[in-house]
Amino acid sequence: MNNSNKQNGHKKSSNRYNVLMVPEGGGNVRTFRTSMDFLVLVVVLMLLLIGAAVMYVINNSDREESHMARENELRDRISALSEDIIMLQADNENLQNQLRAANALLESKSVEEEIEQETEEVDLSYVPTFLPVSGTVSIPSPYTPENEYITFTVGVGARVISAADGVVVYAGESVLDGYSVKVNHGNGYETIYYTDNTPYVAEGMKVKRGDTLFEISGESKVLKYQISYEGGFIDPYTIMDIDG
């Protein structure tokens, strides 16, 4: 019985250890008694702490790498966007230049069209399309190659007017009728007007379409009218606006 107790005590005492703590530079030495289980627990805890520290370092390293990769990706995107912005700005400038060129072309064409229209209007003003009488007038007689003129019967007070813009090249007595006025329109056309009334214009005067050449008075109620083009007489009906 005593032997058994001694053996158990020996076993218990063999599982416990003395730990000495000696300060550096001398001093009181401290002694701690501990068991194997406690030492194992301490070692395990230390290993766990070391493992946790290693995992923390690894995780932080992975996070830093991920963060750096994210930053690099964002830098690449910003760089790509910057290049796109530069290209868009260049495209916008090109479009603005094209728009300015198109506007300039349109303005140029508009000016040219206005000039052409004005030129056309000016040219038409020298073409004898107007009816040469203002006032009461009958439908003129037909044109014949033998007479080379048409005849209007007009009322007293009616005016004989220039059929187009031009210059009076003759105003005076006529063999065909009492008086005549010839207007040169400067484009190959000439118009000749014959009545028994004294003309209101003189040679060398510039006249506009509608200007008065004669005024019908007294018993003279006839106007003979001729148009020549490039030196030859033509039928006035071919260019004259009867409704005008």
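The values are calculated or read from the model by the stated rules, or taken from the named source; none is laboratory data. Computed from a prediction, not measured in an experiment: that's the story for all the values here. Note: ideal-geometry Cβ built from the backbone for every residue, glycine included; neighbour counts use all protein chains shown.
A few remarks follow.
- In segment 133-195, counting only strands (runs of 3 or more DSSP E) that sit wholly within it, the ones holding 3 or more residues that are modelled with pLDDT of 95 or more span 166-173, 179-184, 189-195.
- Condition check for residue 238: surrounded by fewer than 12 Cβ atoms within 10 Å (Cβ to Cβ) and among the hydroxyl-bearing types (Ser, Thr, Tyr): yes
- With respect to being modelled with pLDDT of 85 or more and surrounded by 10 or more Cβ atoms within 10 Å (Cβ to Cβ), residue 98 fits the description.
- The requirement of being touching a residue at least 12 places away in the same chain (Cβ under 8 Å), closer than 18 Å to residue 155 by Cα and surrounded by fewer than 19 Cβ atoms within 10 Å (Cβ to Cβ) is satisfied by residue 221.
- Residue match in segment 34-57 (condition: in a strand (DSSP E or B) and surrounded by fewer than 10 Cβ atoms within 10 Å (Cβ to Cβ)): no
- Filter result for residue 198 (modelled with pLDDT under 90 and at negative phi): no
- Residue match in segment 125-142 (condition: touching a Phe, Trp or Tyr at 6+ places or on another chain (Cβ under 9 Å), among the small types (Gly, Ala, Ser) and surrounded by 16 or more Cβ atoms within 10 Å (Cβ to Cβ)): no
- Leading residue by the ranking (farthest from residue 147 (Cα to Cα)) among those in segment 196-244 that are in a loop (DSSP other than H, G, I, E, B) and touching a helix residue (DSSP H, G or I) at 6+ places or on another chain (Cβ under 9 Å): 208
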